[in-house]
Amino acid sequence: MDDRKYTPENEERMIEEAFQDVLNGYLNSNHRKKVEIIERAYRFAKEAHKGIRRRSGEPYILHPIAVAKIASQEIGLGSTSICAALLHDVVEDTDYTVEDIEQHFGKKIAQLVAGLTKISGGIFGDKASAQAENFRKLLLTMSEDIRVVLIKMADRLHNMRTLGSMAPNKQYKIAGETLYIYAPLAHRLGLFAIKTELEDLSFKYEHPVAYQRISDKIKSSEAKRSAVYNDFSAPIKEKLTEMGLRFEAHSRLKSVYSIWRKMETKHIPFEEVYDLYAMRIIFDCDDVSQEKTICWNIYAAITDLYRLHPDRTRDWISNPKANGYQALHLTVMGTDGNWVEVQIRSSRMDEIAEKGFAAHWKYKIGEGDEESELNVWLRTIKDILNDPSPNAIDFLDTLKLNLFSSEIVVFTPKGELLTLPKNSTVLDVAFELHSQIGFHCIAGKVNHRLVPLSHRLQSGDQVEVLTSQSQTPQAEWINFLATAKAKTRLRAALRREQQPVMDRGRKIFEEFLSKQGVPMTNEVLTKVLGVYRLQNREELYVALGSEDLTLDDNCVKAFKKQSPSLLTKIFRRNKVREEFPDPAPAKNKINTKETYILRSDDNGSNFKIADCCCPIPGDDVMGFIDENGDVVVHALTCPRANVLKASYGSRIVATRWAVETGEFLASIRIEGIDRMGILQELIQMISTHLAINIRKLDIEAENEVFHCDLSVLVEDTGVVTDLCNKVKKINGVKRATRTS
Ligand code: MN
């Protein structure tokens, strides 16, 4: 078709012919004859895509027709899927909506089209390749109706067949994605023929030279190969005919891609791939219960003629593969001294092997109606996807299905995919997009319906976040957030809101202490917290600042009673600052033999950050137990840490950051050439684009060179690295490095 000219004179005829082809194929299948709705879907799609052409110049409608043909004739799907295939790009590319489709063709077809539209944004979007993993998960989690996946497979196959007319960079991307996602999935679904073709087509675009070289060798060795095959197969055919079997036998060549794989993995030249082809015997048998016996009869006949390889018999009849594959394989010594594989199948097994489970129900016609039969095999495929049985090792090796139950995948209105933990809400999505969006989120639209921000999402939902400038972060949001990121951001925001109250509280506390003539030390603070049964400094300040608490005589008594003299206190304080004296840690009993997990939550942290090196999560760190029994975290690279290790070995504890530890200050130095607007660009990038909180900003400019020292609140080193990389991309910035 590709080299025909698309002139107005012949293209109308060509379109009609292509569609008739689909219809005829459908009428020849065992499906019910629902021609009317298929014709309507075709007219509808044709009208909708009218005047649009593909890159190759052909009218657009030829693509959906081709996809429908693949879905029907190569996968074996029925009218509902054929209609969905014909309409699959209508919502994506034209003004029609899913509601329009529903009105004209009913709920089922509309759902399929909606599913196909959702997938399409993600996969053809710019971030497609980065999201390949997400996409693969999506296909599996969203197997609500597996037909979506199957039609998508047909769509991809046609796109691969016509990939030649795409721009080269797109070819490369699409080919890679096909090999990475679609071919394994086709295999998993038992669509063997499609899997092989997808692999070969991808290979052709990814390694054109190798593809050509192997194809040439296959061609040039063909004569010799067919002579050998004829010698080998003749006695077998004779014997099977004697046995009274109706069968066909042919030599089945390995695909170009699998030949290449074999050459690559075994490091052998083409000539040494001995199993270039297999002999395939397909026999007719009306009685399914007889199939197994016939297979083994043929097996016996062949092993009478040729010497059997002892370890290469595969009985996939007694134990079908997870994807439904059934056959009996054996390997025998051929006439030329090479091993030859022989595959024995009934025509039923053959069709399942080539078309996958879709072919299954074709043989069960006459019992029940189309939909229920269809549902049976759709369920079967779903079971395969859900059941990580040992038979399924081939695909499940790379896919851990059990992980998926804890994750969902949703779409932004732009078709971007987001992977979130199960039970995530609209608010989680808002924070996922941007903290500012999270803070101002008021509600959401899920699949275009208005929902509250606590609405729990399902895989496949399309989520739009609605914001309002008057909205502020609310403490109760914490109850329905599922993502750690959102929780951290929210807590940080709530803490920020409390800052004025805390400042007031701190002032009250400090004034109180100075009136009593007591210096502000950790020891004093610990005692005060003990008196009022408070967890940490922040709680105390908030309580004081909001006037929930007033300091009284109990407090004075507490720290006056056991307090050493002022002089001692000052002495100790200075010493602590410099030398860390050795009285054993008093407060927490920390087992230094175990790794100490650094955590923080609403109630504060179980560690302190050393102010000499200011490490943040992601840094390699160690803990030092100070005189209060607090774990002070130093970077391993900190010179002070080395001194501590040498002098106070018994008070060093191995530490590890908990997954979610809160936010930390990191300092970053940025250098570059000064220009108008660069500062604004920088700040905008950091605070709005990257949603990072700036705590301190010092800028010095001299002779057109500027230095900028930045303190930012981040969660871990990943954020800092990301920040530095992004900042470096700003025109004029020469360096951006973390300084502590
Ligand atoms: Mn398409």
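The values are calculated or read from the model by the stated rules, or taken from the named source; none is laboratory data. The shown structure was predicted, so the numbers you read here are calculated from the model rather than taken from an experiment. All Cβ positions, even for glycine, are placed from backbone atoms using ideal geometry, and neighbour counts span all protein chains on display.
Worth a mention:
- Across region 482-499, a minimum of one residue is classified as among the small types (Gly, Ala, Ser) and not in a helix (DSSP H, G or I).
- Filter pass, residue 113 being in contact with a His (Cβ under 7 Å, 6 or more places away or on another chain), within 16 Å of the ligand (Cβ to nearest atom) and either under 22 Å from residue 50 (Cβ atoms) or at pLDDT below 95 (or both): yes
- A single member of 51, 57 is of a type in the set (Gly, Ala, Ser), modelled with pLDDT under 90 and touching a Phe, Trp or Tyr at 6+ places or on another chain (Cβ under 7 Å), and it is 57.
- Of the numbered criteria (1) touching a Phe, Trp or Tyr at 6+ places or on another chain (Cβ under 6 Å); (2) in a helix (DSSP H, G or I); (3) of a type outside the set (A, V, I, L, M), the one residue 264 fails is (1).
- Note on region 178-231: residues that are outside any helix (DSSP H, G or I) and surrounded by 15 or more Cβ atoms within 10 Å (Cβ to Cβ) amount to 4.
- Number of positions in region 235-261 that are assigned to a helix (DSSP H, G or I) and surrounded by 14 or more Cβ atoms within 10 Å (Cβ to Cβ): 11
- Selection count, region 61-95, where residues are surrounded by fewer than 19 Cβ atoms within 10 Å (Cβ to Cβ) and either small (Gly, Ala, Ser) or within 15 Å of the ligand (Cβ to nearest atom) (or both): 3
- Pairs where the first residue, in region 713-729, is in a helix (DSSP H, G or I) and the second is surrounded by fewer than 17 Cβ atoms within 10 Å (Cβ to Cβ), C-beta under 7 Å, 6+ apart: 724/737
- Which numbered condition residue 542 fails, given (1) part of a loop (DSSP other than H, G, I, E, B); (2) surrounded by 18 or more Cβ atoms within 10 Å (Cβ to Cβ); (3) more than 34 Å from the chain's Cα centre (by Cα): (1)
- Failed item in (1) modelled with pLDDT under 80; (2) within 16 Å of the ligand (Cβ to nearest atom), with residue 189 passing the rest: (2)
- Test: residue in region 509-520 that is under 28 Å from residue 715 (Cβ atoms) and surrounded by 13 or more Cβ atoms within 10 Å (Cβ to Cβ): no
- Filtered by the rule that a residue be in a helix (DSSP H, G or I) and in contact with a Ser or Thr (Cβ under 8 Å, 6 or more places away or on another chain), region 36-62 gives 37, 38, 48.
Residue-wise test of (1) on the phi > 0 side of the Ramachandran plot; (2) charged (D, E, K, R); (3) in contact (Cβ under 8 Å) with a residue 12 or more places away in the chain.
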site: 447; (1), (2), (3): yes, no, yes
site: 451; (1), (2), (3): no, no, yes
site: 454; (1), (2), (3): no, no, yes
site: 464; (1), (2), (3): no, yes, yes
site: 468; (1), (2), (3): no, no, yes
site: 482; (1), (2), (3): no, no, yes
site: 487; (1), (2), (3): no, yes, yes
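- Elements of type strands (runs of 3 or more DSSP E) contained in region 616-677, each with 2 or more residues being in contact with a Ser or Thr (Cβ under 6 Å, 6 or more places away or on another chain) and surrounded by fewer than 21 Cβ atoms within 10 Å (Cβ to Cβ): 652-657, 664-673
- Test: residue in region 37-58 that is under 27 Å from residue 197 (Cβ atoms), touching a helix residue (DSSP H, G or I) at 6+ places or on another chain (Cβ under 7 Å), in the same structural domain as residue 154 (by TED's automatic domain parsing) and away from the ligand (no atom under 16 Å from the Cβ): yes
- Residue in region 222-241 that is touching a helix residue (DSSP H, G or I) at 6+ places or on another chain (Cβ under 8 Å), without any contact (Cβ under 8 Å) to a residue 60 or more places away in the chain and of a type in the set (Phe, Trp, Tyr) present: no
- On the stretch given as region 272-327, residues that are in a loop (DSSP other than H, G, I, E, B), in contact with a His (Cβ under 9 Å, 6 or more places away or on another chain) and either over 21 Å from residue 253 (Cβ atoms) or free of Cβ contacts under 8 Å to residues at least 12 places away in the same chain (or both) total 3.
- If you check 467, 483 for being surrounded by 16 or more Cβ atoms within 10 Å (Cβ to Cβ), outside the structural domain of residue 687 (by TED's automatic domain parsing), modelled with pLDDT of 85 or more and polar (S, T, N, Q), only one passes: 467.
- Odd one out for residue 443 among (1) surrounded by 17 or more Cβ atoms within 10 Å (Cβ to Cβ); (2) without any contact (Cβ under 8 Å) to a residue 24 or more places away in the chain; (3) within 24 Å of residue 693 (Cβ to Cβ): (3)
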